[in-house]
Amino acid sequence: MYLFRLALASLSNRRFTALLTVFAIALSVCLLLAVERVRTEARASFANTISGTDLIVGARSGSINLLLYSVFRIGNATNNIRWDSFEQLAQNPRVKWAIPISLGDSHRGYRVMGTNTDYFEHYRYARQQPLELSQGREFADDPFEVVLGAEVAEALHYKLGDELVLAHGVATISLVKHDDKPFHVVGILKRTGTPVDRTLHISLAGMEALHVDWKNGMPAQGADRISAEQVRSMHLQPTAITAVLLGLKSKIATFSLQRDINEYRGEPLLAILPGVALQELWGLMGTAEKALFVVSLFVVITGLIGMLTAILTSLNERRREMAILRSVGARPWHIASLLIFEAFSLALAGVLLGLLLLYVGIAAVQGYVQANYGLYLPLNVPSGYEWMLLGCILGAALLMGCVPAWRAYRQSLADGLSIRL
């Protein structure tokens, strides 16, 4: 213990250099843990996005593209699905439930999704968690009702009964708005940590109502325009949708139904397994994820090398100190242990400060990251893997401390008392 106190006193005597070394290690530790935390939470967010859906069906394109626009609301569909094709899928004896999805509009940068009430009943996320309302109710007979995701309501400060105007297209700023057909908020969903939070949900009838008077991709003008009151009395049957989520009566039928859909003669369709597509998507991102982790690991190594350099540089200045310690009875292994304790103390202080910086940083950016990237970073205690990383850093610091310790061990008493300049 006295060697540890002596090491702290020695570092205190060189406090400026020691603080710089600790800060460098802390920044590298913070970066490493932040990358690991983001990587872990991103993977969990991916895995928790959709659960209980056996097949996703869309126009024939690519499996990742279909997954992105149907689940993550990223990108656009190459084509739509005819309504009669959806009805045939829903009536298939192997299908337990079918959720239609219609995309294409937005509101202040957030996607609008048209669907039916089966969505609230059958959609699952995480481990079979159902969607729940924090306020209000689901949309009903009125086509101009909207149910907001938690993030939309929080970010845009909407509450029940508020009116909002949807925009055509998915751009953040749209020049074409459906301002003659405003929607009013009837429900707000509980937070799920998935793209559901960033989605405005309307009925399929509501999606049709928005475009009932559109011709050739443009809204009607003047007398041809149909008011919201007139729309309410119309039969708003969709002619096409964007995608379909299917739940099957038996998991055994998944592959056979997938094959039948992919060979469907009515129109070119693609059926994918969400879990397989998620793994493909994560595989594409895995290289960048590993590269970022390796870079952060090298930053930690650089910080430890900086610590080693600082200790080695101070050895020549401390040779008389070592010699005096030897002269009062310290053995060579005491001198070596002193330097190892110094290296360990610097690394331990850097790790603790790095943890503090990590949690302060998470607390500062948690809301922004969740609002803009849909990634929730919890203020949890370090996981077992993170503790292992920190243990490896401390172990590496001990090993690096052996280098100056060995050099000090080899210095003789006479060399220390009569330094040659």
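Throughout, read-outs are computed from the coordinates displayed, never taken from laboratory work. This structure is a prediction, so every number in the text was calculated from the model and none was measured. All Cβ positions, glycine included, derive from the backbone under ideal geometry; neighbour counts span all protein chains shown.
Could you state the number of Å between the C-alpha centres of the range 40-63 and the range 66-132? That distance is 12 Å.
Provide the gained length on full extension for the span V212 to L284, in nm with one decimal, where the gain is 0.36 nm per separating residue minus the Cα-Cα distance. Spell out each step's value before the answer.
Numbers: separation 72, 0.36 × 72 = 25.92 nm, distance 4.00 nm.
21.9 nm is the gain from fully extending V212 to L284.
Summing +1 for each Lys or Arg and -1 for each Asp or Glu among the other residues whose beta-carbon sits under 10 angstrom from that of F183 gives -3. The residues neighbouring W282, those whose beta-carbon lies less than 12 Å from its own, together hold a net charge of +1 under the Lys/Arg +1, Asp/Glu -1 convention. Near A253, within a Cβ-to-Cβ distance under 11 Å, what is the net charge of the other residues, with Lys and Arg +1 and Asp and Glu -1? Taking every other residue near A253 into account, the sum is +3. Within a straight-line Cα-Cα reach of under 28 Å, K96 can be paired with the following lysines, leaving aside sequence neighbours fewer than 8 residues apart in one chain: K190, K249, K251. Per-residue packing, averaged as other Cβ atoms within 10 Å, sorts the ranges 46-55, 243-252 into the order 46-55, 243-252, beginning with the highest. The packing ranking, built from the mean of other Cβ atoms within 10 Å per residue, places the peptides 305-311, 393-399 in the order 305-311, 393-399, highest first.
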